[in-house]
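J.: Please find one structure pasted underneath; my questions will follow.
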Amino acid sequence: MRIDEIPAGPKLDMLVAKMMGQEDFGHIGFFWQEGVTEDGEDGWNGFYCPRCGKAEADGGPCVKPYSTNRACIWEMVEWMNSLSYPFALRLDWHGPAVAGKGYATAGFSGDHHVSANTEALAVCYAALAVRAEVDEGLAQAIIESARGGI
């Protein structure tokens, strides 16, 4: 299985978090938060993890949703840039995907470009591809994930 065949979700998010140095996937605690929507009509409140933003009732590992949330990928892009991996992102809205939909191509270091149907997925795949070349532990984790592990 190739990196770009790992589906979006917690497994891929954990690979990205491991790549960025996160070792502990337990929540650091849940704290009460309140908020309202932009229109001021709907309120929300509950206990949320300050590290990953998940609600206490959500369960699962404490990991940001890198593969499904565009806001989270910029933290990864900044981390990759701090390691001197230049970043490029291209959006194509006329590609081979379903009519009316497009795909994103992301790359680091000039020659590691990967396409996916969302920007977040493309960035995750590209970062993992380039880092797996220099980090044998990460490469092994990717293989393990493809086999159903992690």
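J.: How many residues does the stretch 2-21 contain that are exposed (fewer than 11 other Cβ atoms within 10 Å of the Cβ) and part of a loop (DSSP other than H, G, I, E, B)?
T.: Summing the residues that are exposed (fewer than 11 other Cβ atoms within 10 Å of the Cβ) and part of a loop (DSSP other than H, G, I, E, B) in the stretch 2-21 gives 3.
J.: Consider the stretch 46-64. How many of its residues are more than 9 Å from Phe31 (Cα to Cα) and either under 16 Å from the mean Cα position of the chain (by Cα) or in a loop (DSSP other than H, G, I, E, B) (or both)?
T.: Within the stretch 46-64, residues that are more than 9 Å from Phe31 (Cα to Cα) and either under 16 Å from the mean Cα position of the chain (by Cα) or in a loop (DSSP other than H, G, I, E, B) (or both) number 10.
J.: Let me ask something additional. Going residue by residue through the stretch 22-43, is there one that turns out to be outside any loop (DSSP other than H, G, I, E, B) and touching a residue at least 24 places away in the same chain (Cβ under 8 Å)?
T.: There is no residue in the stretch 22-43 that is outside any loop (DSSP other than H, G, I, E, B) and touching a residue at least 24 places away in the same chain (Cβ under 8 Å).
J.: State which residue is surrounded by the most Cβ atoms within 10 Å (Cβ to Cβ) when the search covers only the stretch 22-40 and only residues that are out of contact with any strand residue (DSSP E or B) (no Cβ under 8 Å at 6 or more places or on another chain) and among the charged types (D, E, K, R).
T.: Asp24
J.: One residue is enough: does the stretch 68-85 have a residue meeting the conditions under 19 Å from Pro7 (Cβ atoms) and of a type in the set (S, T, N, Q)?
T.: Looking through the stretch 68-85, at least one residue is under 19 Å from Pro7 (Cβ atoms) and of a type in the set (S, T, N, Q).
Only the coordinates and a few stated rules stand behind these numbers; no lab work does. Computed from a predicted structure; not experimentally measured. A quick note on method: Cβ atoms are made from the backbone with ideal geometry, for glycine too, and the neighbour counts reach across all protein chains shown.
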